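Engineer: One structure coming up, written as structure tokens, with questions to follow.
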There are 4 protein chains.
Amino acid sequence: MSTIAQLGVAVIGIGKMGADHVRRIEEVISGARVAAVADPDRDRAAAAAARIEGCTVHTDPVAAMAAPGVGAVLIASPGPAHEAALLAALERDLPVLCEKPLTPDAEAALRVLAAERKLGRRRIQVGFMRRYDAEYIQLARLLADGDLGRPLMLHCRHRNLSVHPYFTNEMLINDSVSHEFDAARWLLGEEITAVRVYRPTPASVTDTGLSDPQFVVFETDGGVVVDVEIFVNSGFGYQVQAEAVCAHGTARIGEAHGLLTNTAGRWGGAIAPDFITRFADAYDREVQDWVDAARRDEVTGPGVWDGYAAVAACAAGIEAQRTGRRVPVEMIERPAFYGR
Amino acid sequence: MSTIAQLGVAVIGIGKMGADHVRRIEEVISGARVAAVADPDRDRAAAAAARIEGCTVHTDPVAAMAAPGVGAVLIASPGPAHEAALLAALERDLPVLCEKPLTPDAEAALRVLAAERKLGRRRIQVGFMRRYDAEYIQLARLLADGDLGRPLMLHCRHRNLSVHPYFTNEMLINDSVSHEFDAARWLLGEEITAVRVYRPTPASVTDTGLSDPQFVVFETDGGVVVDVEIFVNSGFGYQVQAEAVCAHGTARIGEAHGLLTNTAGRWGGAIAPDFITRFADAYDREVQDWVDAARRDEVTGPGVWDGYAAVAACAAGIEAQRTGRRVPVEMIERPAFYGR
Amino acid sequence: MSTIAQLGVAVIGIGKMGADHVRRIEEVISGARVAAVADPDRDRAAAAAARIEGCTVHTDPVAAMAAPGVGAVLIASPGPAHEAALLAALERDLPVLCEKPLTPDAEAALRVLAAERKLGRRRIQVGFMRRYDAEYIQLARLLADGDLGRPLMLHCRHRNLSVHPYFTNEMLINDSVSHEFDAARWLLGEEITAVRVYRPTPASVTDTGLSDPQFVVFETDGGVVVDVEIFVNSGFGYQVQAEAVCAHGTARIGEAHGLLTNTAGRWGGAIAPDFITRFADAYDREVQDWVDAARRDEVTGPGVWDGYAAVAACAAGIEAQRTGRRVPVEMIERPAFYGR
Amino acid sequence: MSTIAQLGVAVIGIGKMGADHVRRIEEVISGARVAAVADPDRDRAAAAAARIEGCTVHTDPVAAMAAPGVGAVLIASPGPAHEAALLAALERDLPVLCEKPLTPDAEAALRVLAAERKLGRRRIQVGFMRRYDAEYIQLARLLADGDLGRPLMLHCRHRNLSVHPYFTNEMLINDSVSHEFDAARWLLGEEITAVRVYRPTPASVTDTGLSDPQFVVFETDGGVVVDVEIFVNSGFGYQVQAEAVCAHGTARIGEAHGLLTNTAGRWGGAIAPDFITRFADAYDREVQDWVDAARRDEVTGPGVWDGYAAVAACAAGIEAQRTGRRVPVEMIERPAFYGR
């Protein structure tokens, strides 16, 4: 492996997440460099590129992909811009890491899926970074080993300290529970078939009508029942927990740990303030993994099918949330191209 | 308090539970003695009374209640025998501790309720012993204090090592989930309004058709959503956990604790084998509390209304289990006599 | 077992501890009643006896022992009064439960020991209540089972929220570390051979010259090294922990447990405020056990030899504390009468 | 930051640790590349360099330091080779990351110290990687914040699954406890003044005479008492724990965490098998930090003074281990050049 063979990455979208990925590629992970950046706000893009030698600045994503030295694309723009950028990257046969959601709706996801199938090989990885979290990986291995027997239920907790005031009921499904949709699919190796949403008396109702917390129960084609507490304005911190109940035992991740203190009548530890703190290592691992695969001309992480499946489950989730009913998840049959 | 003023108890039903209560009254708690025992199997009753001075032996519960020195009744006979024994005790104006269920169905519970109201004072306590468990009491106090804000959700786990082969789907609701029905009502101070039961692919299906585990979600008139994992043949031990999710924080009980070991690549502790081990102190505290109140001529624990509410929720639970639907709980309006 | 055969106890010394034992015998445990109380302050004794039928009031311990119905003696008077009371009880051949310390010094302990040997059977139990704590019992069983191999080290933590202002360096050994002296002897089945005391820079020095915390290291005749952190004005709560390090693993007790909360960036639980809270069940179990044995005319708990061993280790501990040196523990050879 | 400005590192010593650092620099961290490798075994060096473009291979450490593109030196050769390599690197004014121990004895450490002082700026960082562990960093911050008050004691546990058969009593101090010597100095900001070693009856005695476990107590110039259980053939896994006891509370790190399972009567988790697993992130962070500083022409991590202090404490520790006595640590006065 040589320092000359570093992968040149075009980063599309230089918001909070995109800027963090620029920093990650330049300062944290090995084997890659930022070769081009693109953002509608040229100043923002230029600021991110300022200290990076040879990094070109663009407002047009396609121009960034065509810049000298670009061998891969990281898409961190808002969801509605994803489809065009993904299709452009596929045309250039470039490996892509696309932040979730793949696209805002299932139809667009299917168009991306069709384009990738036409290209004939997997080029797109979706940013489901929990698959790179050390504890989730431990849990996945344990389930794969089968020592605890077949999984039967999955109990999930997803709590945020708080969210911005314009957060909506739909975002609660699309931005938050979508992580559990993907994590469940990945941990269980099964597809989601139906979703129901319970709305307890809310702790708070915001101006957008957000009813918080909610309790989501969904089922898989393997008969597993998954429940998710989603509580986005919990006020006490960021917690992500999951307990798999299997035929011969259970396994749980996400308990608070690390530093324990005894003070003034209390023992315990701190709760992480946000997902960036909690999943910092997972983000690093995700991007490193994608870079390593891209340099071997491969894509190995969660792909278009996973992105599509999450979008389809979210659509059912929002319908379930609205109606209070059990809503089946509608998906096309899985193409052999995306064979398990 | 004098040793002469000890409360004489008639114990009705000398099965496993009744015999244990005889031992408890004689050897563990203070202020009471067993004055009479009754069981259809006279030998079994006689064996329990053998070493107790002055304890009379009966096959007829009513005769036991009429025996010399009897000032209170503990009913540990099978559920179908409860109504007659309860009505007989009420006729004699004796304080009663009745093992759960109060009665097998809601109609019988309402007849007992009517009899107690006619008598004009509370004489019956139902054996919901979780209300006497140290951890449950801590949780109840925390919720009552209100420091964590209003409760919104309650996540419950109820796991047994195993149950006998003739355990049925109905018993899973009536014998197991009924504890969570009462615990939720007590912790929240709210009534249950509807029940739904999910049946994941079972770990095992027994000859009786028992599908295990199941996942029960119920709602309260205060808008709290309660979920219960019930797993009666878990194979790994007895665990009862509860986490209350409130507006400003959460609180959890039932984590394993006690002795921690490091051995051969593993750290951790033991899981209790059964409820008698886990709730030993709760049983002692329950009976002591009932005796103390009876000697003051009072009944202070969970009463007929609580027994009726659990029976009504169980009926809805079994219907929900059978149909897969959300089933409303039907109850009479709460009489002022049983005012909160 | 009959209510007539209840054991009549004379309680000697009605301070905080004695009054609590009166309450325990009357209200908590079964099989015993308080037949007589004695205290130099007659009013205090009379107040404790007020509601107890047939309980006589005395200022002279010996008169209390001679009162009608007395079949056992519980000594809760200050240490210097123990020897006389113990000898008087032995003369009457009464079973005794004597709060620790057995006596203030080793010489007095040896005189009591001689008297009991002369009597020819064990009559005295010393109040080392940790032997009755559920977690200590779990640890003792584990060590006895031998699954973890031979014990090699024992790490102990003993922390109080605070102690009264007249607490001294000597009391830190005699009143606090003496518990670890006995617990180690009991858990290991070995005698203590030498003691050393480290004094870190103190968190506080009181008017009595108390240097707090201190760190005590002692050795046993089986070659086990035991360390004790003793921190009596910790300011954060009462904690007693012990970890046995064995050839094939370790085992630890005393971790905080029970109710866990998530609030405002912190997860964790409460720390008990004092030993009465932490060891409430142990005290109940201890007295119940002693009563049960006494009614069988036996003494089964920690005896005079254990009381003497703790007093001897304390003497060495205080010398070690004063000199900063390793001080051997001087003891007579263990009489066969007190054979293990 | 540019990809051209990558730091070229000469790695001296390509044993297990050196080879791992080569991998880390090339594949894990950013901003550096391996420009030269040196090992007495040329084949081993060549194998490590094989896939690295432009990396030269040497048997002479000094030749490697003089190779084209070398701007920094990482020393991973055996301890006796450190002094010569360090002095050579200082002559070339190259920033150095030197695996511990700095040198095998205090005299050599002082010669290195003198050379660095003569050079006039800090060039050497010593590989105390615990300072880069996330939990140790949390503990250090907590102590620095002062919320818990002044530290008074530090309880440490250091357990290995097993060590190789030629491990000696001396290595137990030099290779194992030396980590606690440095961690204590770093956490407390104090120097070690005296050491004592207790040897409990060993779990095992190896052919080298290794008595395992041992219990080390040392004192600091700030009056803190530190105890270390060192158990290198524990047989159950790798555990490093530390609890700081402060005036107003305690704080502990190194508890087992991550995946929790319930199986067959037990709950708990796994114990890491070795330090590479436990401290993987710390090693990455350490080397990244050193590279980042070197590129700014600085050395910011633990330096020569820290290496010297650990060597001096180890010398006292070995003497204490041999004699069973309290052995004062002899050190020169801290030069202003290494001002805190």
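Rule-based calculations on the coordinates, nothing more; no lab input. This structure is a prediction, so every number in the text was calculated from the model and none was measured. Positions of Cβ are generated from backbone atoms using ideal geometry, with glycine treated the same way; all protein chains shown enter the neighbour counts.
Engineer: Please build a GNM for chain A, connecting alpha carbons under 10 Å apart, and tell me which residue among A:P104, A:P328, A:P200 fluctuates the most.
Structural biologist: A:P200
Engineer: Averaged over peptide C:196-206, how many Cβ atoms belonging to another chain are found within 10 Å of each residue's Cβ?
Structural biologist: Mean shielding count: 5.
Engineer: Still on this structure, I have one more. Between copies, how close do the C:R51 label points come, placed 7 Å along Cα→Cβ, listed in nm from shortest?
Structural biologist: Relative to the other copies, C:R51 has label-point distances of 3.1, 7.4, 8.0 nm.
Engineer: Let me ask you something else. Report Rg (one decimal) and Dmax (nearest whole number) for the protein assembly as shown, counting Cα atoms only, units Å.
Structural biologist: Considering the protein assembly as shown through its Cα atoms, Rg and Dmax are 35.5, 106 Å.
Engineer: Can you classify region A:278-326 as rounded, prolate or oblate using the Cα gyration tensor, where a ≥ b ≥ c are the square roots of its eigenvalues, rounded means a/c under 1.5, and otherwise it's prolate if a/b beats b/c and oblate if not?
Structural biologist: Judged from the Cα gyration tensor, region A:278-326 comes out oblate (a/c at least 1.5, b/c at or above a/b).
Engineer: Only bridges whose two residues both fall in chain B count here: according to DSSP, what percent of them are antiparallel, nearest 5?
Structural biologist: 55
Engineer: Still on this structure, I have one more. Which whole-Hz couplings ³J(HN,Hα) result when phi for each residue of region B:170-187 is put into the Karplus expression 6.51 cos²θ - 1.76 cosθ + 1.60, θ = phi - 60°, listed in order with x for Gly and Pro?
Structural biologist: Residue by residue, region B:170-187 yields 5, 5, 4, 7, 5, 9, 9, 5, 4, 5, 6, 4, 5, 4, 5, 4, 6, 5 Hz.
Engineer: Right, another one. May I ask for log10 I(q)/I(0) of chain B at q = 0.06, 0.09 Å⁻¹, from a Debye sum over the Cα atoms as equal point scatterers with solvent left out?
Structural biologist: Results for chain B at q = 0.06, 0.09 Å⁻¹ read -0.22, -0.50.
Engineer: Let me ask something else about it. Can you give the mean number of other chain Cβ atoms that lie within 10 Å of the Cβ atoms in peptide C:107-119?
Structural biologist: What the average comes to for C:107-119 is 0.
Engineer: Divide, for region D:155-265, the radius of gyration over alpha carbons by 2.2 N^0.38 Å, where N is the residue count.
Structural biologist: That works out to 1.18 for region D:155-265.
Engineer: What is the distance in Å between the Cα centres of region D:73-137 and region A:14-34?
Structural biologist: 32
Engineer: First select every other residue whose beta carbon is under 14 angstrom from the beta carbon of D:E26; then total the charges, Lys and Arg +1, Asp and Glu -1.
Structural biologist: Net local charge, D:E26 excluded: 0.
Engineer: Given the rule -39500 (n - 2.57) for each run of at least 4 DSSP H residues, summed and divided by the residues of chain A, what is its mean residue ellipticity at 222 nm, to the nearest 500 deg cm²/dmol?
Structural biologist: -9500 deg cm²/dmol
Engineer: Taking Cα atoms, how many degrees apart are the long axis of helix C:304-323 and the longest axis of chain C, rounded to 10 and kept between 0 and 90?
Structural biologist: Compared with the principal axis, the helix lies near 40 degrees.
Engineer: Another question about this same structure. Can you give me the long-range amide H partners of B:Q125? Hydrogens built in the peptide plane at 1.01 Å from N, cutoff under 5 Å, separation of 5 or more residues or another chain.
Structural biologist: B:V96, B:L97, B:C98
Engineer: Note the angle between two axes, namely the Cα long axis of helix B:134-145 and the longest principal axis of the Cα atoms of chain B, as a number of degrees from 0 to 90, rounded to the nearest 10.
Structural biologist: 70
Engineer: Other chains near C:20-31: what is the mean number of their Cβ atoms within 10 Å of each residue's Cβ?
Structural biologist: The shielding value for this peptide is 3.
Engineer: Follow-up. With everything on Cα atoms, drop me the angle between helix B:106-119 and the longest principal axis of chain B, reported from 0 to 90° to the nearest 10.
Structural biologist: 50
Engineer: Another question, then. For an R0 of 25 angstrom, estimate the FRET efficiency from the Cβ-Cβ distance between D:D60 and D:R111 and round to the nearest 0.05.
Structural biologist: 0.75
Engineer: Moving on. For D:C246, what residues show an amide H to amide H distance below 5 Å, using hydrogens built from the backbone and excluding near sequence neighbours?
Structural biologist: D:L152, D:A251
Engineer: In whole angstrom, note down how far apart the Cα centers of region A:269-337 and region D:219-251 are.
Structural biologist: First find each Cα centre; the distance between them is then 42 Å.
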